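A short worksheet on the structure shown next.
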Amino acid sequence: IFMIDASKGFMKDGNKNRLRERDIHKIVDVFTSRRELPRYARFVPLREIEANDYNLNIPRYIDSSEPEDLHDLNAHLSGGIPNRDIDALQDYWQVFPTLRHTLFAPAPVSPVSPVGWVERSETQQPGQPTDPVGLRSANPTYSHPRMHPERIKPTILEHPEFAAFRERILERFRAWRDPHRPVLMGLNGDTEPKALIHELSEALLEQFEGAHLIDPYAVYQHLMDYWAETMQDDVYAIVQDGWEAAARPRELVAEKGQKHKETPDLTIGRKKYKTDLIPPDLIVARYFADEQKHIDQLQAELDAAAQELESFIEEHSGEEGLLEEAKTDKGKITRASLKARLAEIKGNPEFEDERQALQQCQKLIDAEAAANKKLKEAIKARDEAVLKHYAKLTETEIKELVVDDKWLAALEQAVQGEIERVTQQLATRIRELEERYAEPLPAIMQEVESLQAKVDEHLRRMGLEWRAGM
């Protein structure tokens, strides 16, 4: 009997568990192909079913649980990371064959205190054995990390084998993207959206079949999620209205006394616009990069002015602060409250220091307001230019913005996220192992004894004496 345990493949949706597109597709694929997968599907012989009194409860035949993460007592006592745990990462070492030797060094037969991470020498090549404590013989059961835990992820990212892995995965994406780009560019009134997404998704799943460390169904799910959230509406709008009409901004008009039901993408004066197909950010990135750079600079200047004002107010606040008397009932410093306080103290020489602080605070508030005004003017000018540019877009430019800058860029970013997930999972596991066995028991006991001696010394100085059992 062919059995499938798909109980782990779902997503939480409130108090319900729901099958995702990837879960359904995997179940159908495995069932159709009768493919055996560890902890997921297998053929169960009748003799095994007979031995279980014909009980067809699936967990009796398929153990879908993750292997137990066992601690090594010898490693806790003497230090070092068990090679058993490192070997369990064999899927990674198959793709990164020399990375293991870059991250780990052989442990000595007799560890000496203290045992910690060791740096590879400048002349040592990746994969070359390291003797971290000066002993020539190595313990085949344990290893030591070569670097501080904070260096693990950067080391993986910088390793040439990881760079090659990244390029291979992106090449798979490009092999799917390039032949389907003309299909997307050619969308028209005759396009069948359901047939389109079926073609795209099946081709993407096939392209990533057999990719090391990357789950093809995870990549497939990214496309299906993006289709449901964004791309589906875009395609239907193009099929129904055409590229140019679908790209045209819609002015949002609310009934009198009512709020807009949709969040505007552009606001010009009192008019609000929704850009369904091409978000303003795509127009800005492609045609108004210099203007955006100027806005970013103005934003940085505003942030600096606000920070300077905040620091000045904080410095001169408090019970005896020079700005304390200028605060409002709500504890705020405003231009009006500063002006009122200056009028109150007038030219009294007794309050000269306070007067200077109040005037300086006024200057900082004015500087922040001026920076804020310049930023708003620049944003307004950019948004007005962006709105006008929509009308100038040709159909070819619209297609490039939608297909290249929006759809394909979002999907490539999702693939990049899967590559990042590989890095994060490996780095997290290695760091977990390093931190688990970082302090062997003798080192901990030695530290406890040292701390106990310090406590005893402090007690003696206080004329007290502590003994066990007292």
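Read-outs throughout are calculated quantities, based only on the coordinates presented, and are distinct from any laboratory measurement. These figures come from a predicted structure and were not determined experimentally. For neighbour counting, all protein chains shown are included, and Cβ atoms are generated from backbone atoms with ideal geometry for every residue, glycine included.
How many Å³ per residue does the convex hull of the Cα positions in the stretch 241-368 occupy?
It comes to 172 Å³ per residue, whole-number rounded.
List the residues whose amide H sits under 5 Å from the amide H of Ala105, counting only those 5 or more places along or on another chain, with H placed 1.01 Å from N in the peptide plane.
His144, Arg146
5 Å is the cut-off here: which amide hydrogens, built 1.01 Å from N in the peptide plane, fall below it relative to Ala41, excluding neighbours closer than 5 in sequence?
Residues meeting the amide H criterion: Asp5.
Hey, what do the phi angles of the stretch 440-448 turn into as Karplus ³J(HN,Hα) couplings, whole Hz, using 6.51/-1.76/1.60 and θ = phi - 60°, x for Gly and Pro?
Here the 3J(HN,Hα) series is x, 4, x, 5, 5, 4, 5, 5, 4 Hz.
Using 20 Å as the Cα-Cα cut-off, could you pick out the over-long pairs in Lys327/Lys363; Lys8/Lys153; Lys374/Lys406; Lys272/Lys380; Lys271/Lys380?
Going by Cα-Cα distance, Lys8/Lys153; Lys374/Lys406 fall outside the 20 Å limit.
Could you tell me which of His212, Pro154, Tyr142 has its Cα farthest along the dipole of the chain towards the positive end, charges placed at Cβ (Lys, Arg +1; Asp, Glu -1), taken about the Cα centre?
His212
Going through the stretch 222-281, which trypsin sites (Lys or Arg not before Pro) have at most 14 other Cβ atoms within 10 Å and a DSSP loop state?
Answer by residue number: Lys256, Lys259, Lys261, Arg270.
Equivalent-ellipsoid semi-axes (√(5λ), Cα gyration tensor) for the stretch 145-299, whole Å, largest first?
The equivalent ellipsoid of the stretch 145-299 has semi-axes of 37, 26, 15 Å.
Quick check: convex hull of the Cα atoms in the stretch 290-423, volume per residue, rounded to a whole Å³? All intermediate terms of the calculation are to be shown ahead of the outcome.
Details: hull volume 25.1 nm³, N = 134.
It is 187 Å³ per residue.
In nanometres, what is the gap between the two model label sites at Gln452 and Thr230, each 7 Å from Cα along Cα-to-Cβ?
That separation, rounded to one decimal, is 6.2 nm.
With a ≥ b ≥ c the root eigenvalues of the C-alpha gyration tensor of the stretch 346-448, is it rounded (a/c under 1.5), prolate (a/b larger than b/c) or oblate?
Oblate, because a/c is 1.5 or more while a/b does not exceed b/c.
Work out from phi, with θ = phi - 60° and the Karplus expression 6.51 cos²θ - 1.76 cosθ + 1.60, the ³J(HN,Hα) of each residue of the stretch 23-37, listed in order in whole Hz, and give x for Gly and Pro.
5, 5, 5, 5, 4, 5, 5, 5, 5, 5, 8, 6, 8, 7, 10
Output ³J(HN,Hα) for the stretch 38-46: one whole-Hz value per residue in order, computed from phi by the Karplus curve 6.51 cos²θ - 1.76 cosθ + 1.60 with θ = phi - 60°, and x for Gly and Pro.
Coupling constants for the stretch 38-46: x, 6, 9, 8, 6, 7, 10, x, 4 Hz.
Limiting things to C-alpha atoms, what are the Rg and the maximum Cα-Cα separation (Dmax) for the chain, in angstroms?
Rg and Dmax of the chain, Cα atoms, are 32.9, 103 Å.
Along the principal axes of its C-alpha atoms, what lengths does the stretch 145-217 span, in descending order and rounded to whole Å?
Result for the stretch 145-217: principal-axis Cα extents of 60, 20, 18 Å.
Taking +1 at the Cβ of each Lys and Arg and -1 at the Cβ of each Asp and Glu, which of Gly80, Ala195, Leu266 sits farthest along the dipole of the chain towards its positive end, judged by Cα position relative to the Cα centre?
Value: Ala195.
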